[in-house]
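A quick write-up on the structure given underneath.
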Amino acid sequence: MEKGMFIVIGLVVGIVSVVVTSILSRRMRKVLFIIGIAICVAFGIAWIAFVVSMIPRDVNTSGINDVQYFPDGTRLAIASSTGISIYDVNSDKVHATLATDMTDAHNVSFSPNGQILASGGEDGLIRLWDVSTGEHKTTFIAEHGRYLRVLFSRDGDTLASWGSYEVNLWDVATSTHRKTSREYEDYANVSINGDGGILVNIDNKNDYIRLLDFITGEEKKNYIRLLDFITGEEKKKLRGHTKKVESVAFSPDGKTLVSGSRDKTIRLWDVATGKHKKTLKGPQKSINSIAFSPDGRMLATASRDNTVCLWDAITGTHKKTLEGHTAAVNGTAFSPDGQIIVSWSNDRTIRLWDVDTGELKKTLQFPKSSKLEKG
């Protein structure tokens, strides 16, 4: 029916155009032709501008996808476009030790006891590694879609995995699948709260933050919802952010949820009640990543304005800004003792900072086609 209407309208417009042009002078026809060309060019420019505006501007172009401290604080696991590299903080040695046929590792997660490293790769496979030997232990397979990522629960019994299609929960001890959630699509970030299986994720397609047992934030309605993981029942709404939320994290004690948004604010929420606790005015541009310190007293934010900011999580005061990156900072994480912050950026560097002084301690350069190098 709709196609027929378009055909009829096209015929009518064509007939009218022929009749009008036939009764106009040659000069007027030329003027109308020029006007028509100008309109077409204007529409073409507008269409190109629209297409360009739809392209994500904060795409990770560094090749560095994730960096996490080993639980003993002596090494870094670096997930990148070339696989997984291990960097020894004390000896400054960088070597790829977890290199099978996998390329483009999206992220890594350590079990709380430090014995297992989980990785999510471009090939859609979840791999578990023995940290002491570097040997591959097992592989989990599910229909995650693109951008597979993984995260251990705090008790180490459960591994969450997610991509653009679904979230899965796995029993680590038995290597068996527990649960799949496809309630929303296009997952972006997941965080697990304590031992109770509470998950929080961002749904970029629908602009949600979501707890699987659960909190969900929606840009269009500007609120966060608390949902039960099993029943999907909505428990409460957390209103606040005015633009898309990019990152979320639970405090170490599981009582506070922190969210960072493109509205340039950081918001802290009481997980038990869903009440908004405080709002921190963020950096000049949107926040790409947010992390709690191990003791829960500090926050670190990575921003598109090329900075890492440190905040007092109790008072909400800004403590210091770490400057040095020359492009958007995509992520940040604390060392297990809370003394060092690691950050990674589109400038293709990984930087280690002293938390107390803000001093840059080390820089690792990530070339386009070779291993990491100390800077």
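Out of (1) at pLDDT 75 or above; (2) surrounded by 15 or more Cβ atoms within 10 Å (Cβ to Cβ); (3) out of contact with any Ser or Thr (no Cβ under 7 Å at 6 or more places or on another chain), the odd one out for Y165 is which?
(1)
Collect the residues in region 281-309 that are outside any strand (DSSP E or B) and more than 20 Å from the chain's Cα centre (by Cα), keeping them in residue-number order.
P294, D295, G296, R297
Could you tell me which residue of region 311-327 is surrounded by the fewest Cβ atoms within 10 Å (Cβ to Cβ), considering only residues that are without any contact (Cβ under 8 Å) to a residue 40 or more places away in the chain and closer than 12 Å to R348 by Cα?
Only one residue tops the list, namely T326.
Any residue in region 116-132 that is assigned by TED's automatic domain parsing to the domain that holds H106 sitting within a Cβ distance under 6 Å of a residue that is among the aromatic types (F, W, Y)? List the pairs, counting only those 6 or more apart or interchain.
L117/F110; L117/W129; I126/F140
Does region 271-282 include one or more residues that are closer than 21 Å to V329 by Cα, out of contact with any His (no Cβ under 8 Å at 6 or more places or on another chain) and either among the acidic types (D, E) or surrounded by 15 or more Cβ atoms within 10 Å (Cβ to Cβ) (or both)?
Yes, region 271-282 has at least one match.
So N330 fits all but one of (1) under 19 Å from F70 (Cα atoms); (2) at pLDDT below 95; (3) buried (at least 18 other Cβ atoms within 10 Å of the Cβ); what number is the exception?
(1)
The values are calculated or read from the model by the stated rules, or taken from the named source; none is laboratory data. Quick caveat, the model's predicted, so the values are computed rather than measured. Glycine gets a Cβ as well: all are built from the backbone with ideal geometry, and neighbour counts include every protein chain shown.
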